[in-house]
Amino acid sequence: MTDVVFIGPSLSADEVGRLLPDALVLPPVAHGDLLRLDVVPGDRVLVIDGFFLQHPPVRHREILDLLDRGVTVAGAASMGALRAAELWPFGMRGVGEVFQLYRDGIVTGDDEVAVVHGPAEEDHRALSVPLVNIRVALRRAVAAGVLSDTEAALLLDIGRDLPFRRRSYQALERTTPPEAAALVGRFLTWHRRDPYDAKSADARLLLSMAADNAPELCPAHAGDQPLDNLHTRFLDSWRSRFAGESVGGHWASDREAASVLMLLHPESPTWHRRSVLAGLAEADIDDPMVEERASEVARRRGLTGAPPSGWDWLTDRERGLDDHEAVLRVLVRAFGTTPYRSLALWMVAAPLRTPALLTAARQVAATAASLNETLVPRTTGRRRPGARLHFRTEIVDACFARLWGCAADGLEAAAWDRGFVDLAAFRYAAEPFVAYVKAFGAPRLPAVGTRAQEDTLAVSAARVG
């Protein structure tokens, strides 16, 4: 069993290691991070901290996807408590006081767990105090007889009025009206003797329960609501964008691997055509009669002799084709093209998705990413991380027209025959590989049906450093 812990300002990585040895400790979770995990049923993902503003936050469907795959997901303290309070009916487990406050509707604003924190190099050290910590401290002060309910509510309102970036006990003291100075002084004098941190306490509780294999962290039980309508085009798009493998220090996503195979494998148009027609005919892709079967299906469905709008998928040069070939091309292009953002590996023809080809495609994607890092704008100002120069549209088109051996006015049809819905989708996918093609030419990707050994894959690429 593998334990994965997403942690940041709530607790140090060293303390995570003491409480849950052998856990994989990762920075605060962000959108896409869960989709990158190599986890299987029985593994546990413990979400404590997560990004709110610096990066898009983790999406609910990413968590539900793990639950659907039999992975235990539990949360506490911060983003983990927030998501657990929203998803506990579907099987995400929540632990601690912060989770309970959200689950019971006492706390509703996500700003209550938000903090300003330092970079990873400083172990995400907290630079502000979350309002939920102040709230819990005030509740404890009431329980200890230090404050009345009315006094605690007054101080909570003062803390709530502070922007989350400025929240701290010192700021609470500075912003309290003079008439309440004695009140806040009494509270802070008591609190400094017992500086309870609710988020850290909840994080420790979750890790301790995981170490003890507490039954409360079971992967599923009869009371969980079923997960319906989970797999949408959004989740498929996110998985294609974020899932993948690290190659030479570069993350090669499934979408990038799919782009390489569609754009750069010489057999892509042939197998894409056969794959689409086989799907329409409900036939095997290796069936030698697949085109005839697809043509017969088109005839039965009234798709032959298509109306003028259907022939928009043909170029002017192709309008002289015989009816059989013209119909097949229209079918492939009408039913087999997709926007770039919906591109996923499963859309690539199955014969192009062998382990050897996927490994080679990821190598090409990683090498292309390494080359693109050299395309740095000439500027003396501060450069945004990841910013680079991009090739102009005419350069992208000319590069791939030469590669594919087609005329400029035939480029869109060539893109259709590889699965791209239009020139915009093709250009979006192709631009990151222009530098690669200019430097190395077409990669020598393994041919379909060969058994090339993964450690001797012949790809015309420099080693990724």
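The values are calculated or read from the model by the stated rules, or taken from the named source; none is laboratory data. Note that this is a predicted model, so its numbers are computed, not measured. Glycine also receives a Cβ, built like all others from the backbone with ideal geometry; neighbour counts cover every protein chain displayed. These accessible areas exclude ligands, DNA and RNA; they are computed on the full protein's heavy atoms, side chains included. Shrake-Rupley method; radii C 1.70, N 1.55, O 1.52, S 1.80 Å.
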Pairs returned, first residue in region 117-133 that is over 25 Å from Val107 (Cβ atoms) and open to solvent by 40 Å² or more (accessible area, probe 1.4 Å), second residue that is of a type outside the set (Gly, Ala, Ser) and not in a helix (DSSP H, G or I), beta-carbon separation under 8 angstrom, 6 or more apart or interchain, are Ala120/Pro27
Between a first residue in region 347-373 that is over 12 Å from Ala257 (Cα atoms) and a second residue that is open to solvent by less than 10 Å² (accessible area, probe 1.4 Å), which pairs have beta carbons less than 6 Å apart while being 6 or more apart in sequence or on different chains? Leu371/Tyr436
Among (1) out of contact with any Lys or Arg (no Cβ under 8 Å at 6 or more places or on another chain); (2) modelled with pLDDT of 85 or more, which single condition is Gly320 missing? (2)
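Conditions tested, residue by residue: (1) under 37 Å from the mean Cα position of the chain (by Cα); (2) open to solvent by 30 Å² or more (accessible area, probe 1.4 Å); (3) at negative phi; (4) of a type in the set (D, E, K, R).
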site	(1), (2), (3), (4)
Leu154	no, yes, yes, no
Gly159	yes, no, yes, no
Leu162	yes, no, yes, no
Arg165	yes, yes, yes, yes
Pro178	no, yes, yes, no
Ala182	no, yes, yes, no
Leu188	no, no, yes, no
His191	no, no, yes, no
Asp194	no, yes, yes, yes
Among Val136, Val129, which is more than 16 Å from Pro28 (Cβ to Cβ) and not in a helix (DSSP H, G or I)? Val129
Of residues in region 54-71 being open to solvent by 70 Å² or more (accessible area, probe 1.4 Å) and touching a residue at least 40 places away in the same chain (Cβ under 8 Å), the one nearest to Met1 (Cα to Cα): Asp68
Those residues that are over 11 Å from Gly419 (Cα atoms) and in contact with a strand residue (DSSP E or B) (Cβ under 8 Å, 6 or more places away or on another chain), I need them from region 256-270; list them, please. Glu256, Ala257
At least 1 residues that are in contact (Cβ under 8 Å) with a residue 40 or more places away in the chain and touching an Asp or Glu at 6+ places or on another chain (Cβ under 9 Å) in each: list the helices (runs of 4 or more DSSP H) lying fully within region 205-324 that qualify. 233-242, 254-264, 268-281
Qualifying positions in region 1-45 - part of a loop (DSSP other than H, G, I, E, B), more than 21 Å from Trp238 (Cα to Cα) and open to solvent by 50 Å² or more (accessible area, probe 1.4 Å): Met1, Thr2, Pro21, Asp22
Being modelled with pLDDT of 95 or more and of a type in the set (A, V, I, L, M), is that true of even one residue in region 376-389? no
Return the only residue of Thr150, Thr108 being of a type in the set (Ser, Thr, Tyr), more than 17 Å from Met79 (Cβ to Cβ) and surrounded by fewer than 19 Cβ atoms within 10 Å (Cβ to Cβ). Thr150
Quick check on Arg83: is it among the basic types (Lys, Arg), in a helix (DSSP H, G or I) and surrounded by 24 or more Cβ atoms within 10 Å (Cβ to Cβ)? yes
Given the criterion open to solvent by less than 20 Å² (accessible area, probe 1.4 Å) and over 30 Å from Asp149 (Cα atoms), identify the matching residue among Ala210, Ala198, Ala203, Ala220. Ala210
